[in-house]
Structures are given as C-alpha cells and as structure tokens.
Amino acid sequence: MHDVVIVGSGPTGLMLAGELRLAGVDPVVLERRGSQELAGRRGGGIHARTIELLDQRGIAGRFLDEGTTIAAATFGSTALPLGSLPTRHPYTLALFQNHIERLLLEWVEELGVRIRRGVEVTGVEADDGGVDVVLGSGESLRARYVVGADGGRSMVRRAAGIGFVGPDATRSSLIAEVQVTGELTQPGKIDERGVHGLHALGDGMVRVVVTEAVLGPNTEPTLDDLRRGLVEVFGTDFGVHSPTWLSRFTDATRQAESYRKGRVLLAGDAAHVHSPTGGLGIGLGLQDAVNLGWKLGQVVRGVSGEELLDTYHAERHPAGARALKYTMAQSLFQKADPRQEALRDLLDEVLGVDGAGPLVAALVTGLDVAYSPGSNDSGSGHPLLGRRMPDLDVVVPNGTVRVFELLHPARPVLLELGGPPLDLGAWAARVRHVAANYDGAWELPALGNVPSPTAVLVRPDGYVAWVGEGSAEGLTEALGTWFGAADA
C-alpha cells in the first residue's frame, strides 16, 4: 500500500512530489518516459507568484540563475510594467520547460522522491479503502490516494469519470523545433490567420510557430503539414528538416468539473487546459501542487480529516477558472482583425488609467489570488485573510529573517508581531511559533497598503489562515480548521 501515487513527472507532478516529501509522506511517481528528457524545449516561463512559491522552498535561485527576467507583461498590445508590484520578484522568468523539469528533478531527488520510469498507467479503480493503479505491464499498485498530473489527455481523469468542460477550439497552430537550410527573412508576423513566429535557437535549429488555415485534426502533424503552412504564410518553407519536436496546439479551453473525486485528485493540465497565450500553464500547475501537497500530507498522516481535501477544489478551481478566462481574452488578440484591433486600442486607453494596469498585472502574475477563508475563520475582515503572505524582513532575536525563509520546511508559521502573547497549545508541535518585530508597511498587490496586524497564521503554501488584530480571537478555530483537531 503506497501513501500517494502521482501519475506524471512533469513540472506539476515533480512539485507535488517534493511538497509531499516535505509534509512527511513518501509518494511514488509513475512516468511513461524512460528519462526526464523532453523532445524539444517546449513552452516556458513562470510569473511572479510561481517564483515566490519556489522562493518559499529555498530553490528560486536555481531557476533565476538559468533564465532571463523580463520586467513587463502584455495584455492585448499594452505593456504592463511589473517593476512596481510589491514582491521581491517583479518580473516574468523566461525559462523553457525542459530546464524547469531538470531543476525540479534535482530538487526532488535531493528529497529522496522515488520515480518509476517507462511505466504506462492504463487504469485507475477507486474504492472506499484505496485506489488500484493498473499498469500496462499487468502489474497493479495499491495506494491510499492517486493524483493525476498526466496532462490534458489525462487517463486518470477519464478513468475517474470526471467531466472536462469548456469552449471548443476555434483555431490550431503547429509548433516545431527544426533545422533549416534557408535564410530567415523575418522573425514572424500576425495576419488574419493568427500569429506566426520564427526564432533561431542556435546551431541551425529554429523554433517555428505557424497558425493553420483551418482547424487541424486531433492527430499528430507531419513535417509536410509544417512545410505547407510555412509556404502559405511566408512563401517558403525555409528548407525545414530534421525536426526534434513537432506538435499541434489549439485554443480549446477545458476545466475539470471537480479537482477531486474521492481518493482521486487532479492537478496541472489534467485539471485545466487553455491557449498557451500569456504563459500561465506551468505556473498554474505548480500553484495547484503547492496548494494540494501540505493538505494531502496532513490527511495521509492522520493529522487532518478528508474534509481538508475539499478545500483544494474549493480554492484552486475558482483560481483556475479566472486564469482560463484571462487566456481566452488574451487569445482574441492573436490575429489581425479590424474589430479586434479596435478593442485592443480601447484597452490600451483603459489600461493607461491610473491603477488599471497594476490590477491586470496582479492577475497575470498570480499575485492577486485570494482564497475564501471559509466559515471557520476568526470573523476578521482583514484584507490579508486568504491572500499570500508578503515576504517581509522581520526582526527576530538573532537578527533579521525573511518570511519566505521561515516557510522553507513547508510548515505552518504563527508569526507574532508585538501583540498579546499567543499560545499554540496542542498545535505547538505542528506549527512553528515565531516572535518578531516589523515596523514597515504592509502592501498587497492590487489593494495597496493594509492595516498592520499583530499576528498572522501562515499556511505552508504561504497564504494567510488567520489574522490577529490585538487579540487571539479565532486562532484556535483556525488552527483546528487547517492543521487538524487538537487531539490528532
């Protein structure tokens, strides 16, 4: 009997495996690929909140060292400066998926995560006591919980009978990494079909994106398909040959009706797919993983009841739906059309109004995500409740420490900031208690400065579960809600 089986070792599966190990659980990851190598560099890029999550685990530097930071995002054709966002990471990090996976793999291997490769999962059958994971070899594994992190065509999702709903595709594009013999006459263009791009990668290799004239079939494209598309758009196929990666993607938008069905859970692309416009995909999956990991870990260890897993869907489904709406809106501007250009021009004017741009920037970067505190909170209306904890420099007896450093072990933290003394009682072994001082401003993305609390209870994923405003009112209830009953 395994505690947790994770199907898929993409970015989401690896991040979840690391989070579970930090939570004291021993997961096993099942992966079809014989190695972590990807055919091609794939997509890439993560936004500020996702970088913060990596920072909360002490590994952001590994990614920043290998990528390129860009201090702006766009919506329509409007540049959204990110430099003024209240975060240590006011930028997007350009880094291809193959590097993101490699760096996450290094981390989880350091944590001792087990990965079984060359394994095809063909079935998932859940009952009240656990889940049977059927492999193509005929072998069957038994687990208490299974998490499908196996992509947009998730076998786990289909086997669990979870609906995948949303708007159908309206257009498709071919993407490839190929060798060329011809000269690249232009980097790309936008026409009535869509966006077309040519990006030299070095050593004669070129990354090609071309929007198809009509919606392509749900089959793997061929090199002839790519050549034909290039000739139609550019008048030449540039002598493309020897592809290392060739695929088709669409603007279809789908979201799982439920992120949890009993002992089966979904995360990443298995839970949501969308147009790659805006570069939200990898980040959404990593945010799913960090939200789910500590919760599933507490349930497996018997600290919390299964009802805690319901908060995973309750929090991440709305957050995912909002992000999907953004990608659908952004994808409208991916072709030349007079009506869409008129809308784009109007948006340029609207986003130029003071305060409008930062609101959209906070959405794009994920910094504005706010989880409903639920019915068992302190009753506080403090704007910190349910939002990400700012990475403040707080003063402790032996010096200054960043809040995100306190979160490296993925344990909850009660940060006491000069109010009345607080007692964790039965939760003292589960929650880290830190007494500190902080005299600076509390600034939240999209909201600005908020009143300074006297204490905050921070979940392992960095979101605020309780706010103290001069008393301990509601603390016991919040501890019980998020970190198990007192006698657990």
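Within the range 113-122, identify whether any single residue is open to solvent by 50 Å² or more (accessible area, probe 1.4 Å), over 21 Å from residue 269 (Cα atoms), touching a residue at least 60 places away in the same chain (Cβ under 8 Å) and basic (Lys, Arg), and answer yes or no.
Residues of the range 113-122 open to solvent by 50 Å² or more (accessible area, probe 1.4 Å): 114, 116-118, 120, 122.
Remaining after also requiring over 21 Å from residue 269 (Cα atoms): 114.
Narrowing the set further to residues that are touching a residue at least 60 places away in the same chain (Cβ under 8 Å) leaves 114.
If we keep only those that are basic (Lys, Arg) as well, we get 114.
Within the range 113-122, one or more residues are open to solvent by 50 Å² or more (accessible area, probe 1.4 Å), over 21 Å from residue 269 (Cα atoms), touching a residue at least 60 places away in the same chain (Cβ under 8 Å) and basic (Lys, Arg).
If you go through the range 280-311 and pick out every residue that is within 18 Å of residue 56 (Cβ to Cβ) and of a type outside the set (D, E, K, R), you end up with 15.
Scan the range 303-319 and give yes if some residue there is open to solvent by less than 10 Å² (accessible area, probe 1.4 Å), touching a residue at least 12 places away in the same chain (Cβ under 8 Å) and assigned to a strand (DSSP E or B), otherwise no. Please lay out each step first, then the result.
Of all residues in the range 303-319, those open to solvent by less than 10 Å² (accessible area, probe 1.4 Å) come to 308-309, 312, 316.
After this cut, where a residue has to be touching a residue at least 12 places away in the same chain (Cβ under 8 Å) as well, the list is 308-309, 312, 316.
Cutting the leftovers down to assigned to a strand (DSSP E or B) gives us none.
No, every residue in the range 303-319 fails to be open to solvent by less than 10 Å² (accessible area, probe 1.4 Å), touching a residue at least 12 places away in the same chain (Cβ under 8 Å) and assigned to a strand (DSSP E or B).
When restricted to residues that are open to solvent by 40 Å² or more (accessible area, probe 1.4 Å) and either in contact with a helix residue (DSSP H, G or I) (Cβ under 6 Å, 6 or more places away or on another chain) or modelled with pLDDT under 95 (or both), the range 100-112 contains 1. Screening residue 153 against (1) in contact with a helix residue (DSSP H, G or I) (Cβ under 6 Å, 6 or more places away or on another chain); (2) exposed (fewer than 13 other Cβ atoms within 10 Å of the Cβ) leaves a single unmet condition, (1). When the residues of the range 335-360 are filtered to those that are hydrophobic (A, V, I, L, M, F, W, C) and either farther than 21 Å from residue 82 by Cα or open to solvent by 60 Å² or more (accessible area, probe 1.4 Å) (or both), the one that is farthest from the chain's Cα centre (by Cα) is 342. Checked against (1) buried (at least 23 other Cβ atoms within 10 Å of the Cβ); (2) touching a residue at least 24 places away in the same chain (Cβ under 8 Å), residue 295 meets all criteria but (2). The residue that is surrounded by the fewest Cβ atoms within 10 Å (Cβ to Cβ), counting only those in the range 268-281 that are assigned to a helix (DSSP H, G or I) and at pLDDT 95 or above, is 269.
For the range 177-198, residues that are over 15 Å from residue 277 (Cβ atoms), in contact with a Gly (Cβ under 8 Å, 6 or more places away or on another chain) and in a strand (DSSP E or B) total 3. Just checking, how many residues over the range 244-267 are over 25 Å from residue 48 (Cα atoms) and either open to solvent by 10 Å² or more (accessible area, probe 1.4 Å) or of a type in the set (S, T, N, Q) (or both)? The total comes to 14.
The values are calculated or read from the model by the stated rules, or taken from the named source; none is laboratory data. Quick caveat: nothing in here was measured; it's all calculated off a predicted structure. Note that we place each Cβ from the backbone using ideal geometry, even for glycine, and neighbour counts take in every protein chain shown. To get the accessible areas, we keep the full protein, side chains included, count just its heavy atoms, and leave off ligands, DNA and RNA. Shrake-Rupley method; radii C 1.70, N 1.55, O 1.52, S 1.80 Å.
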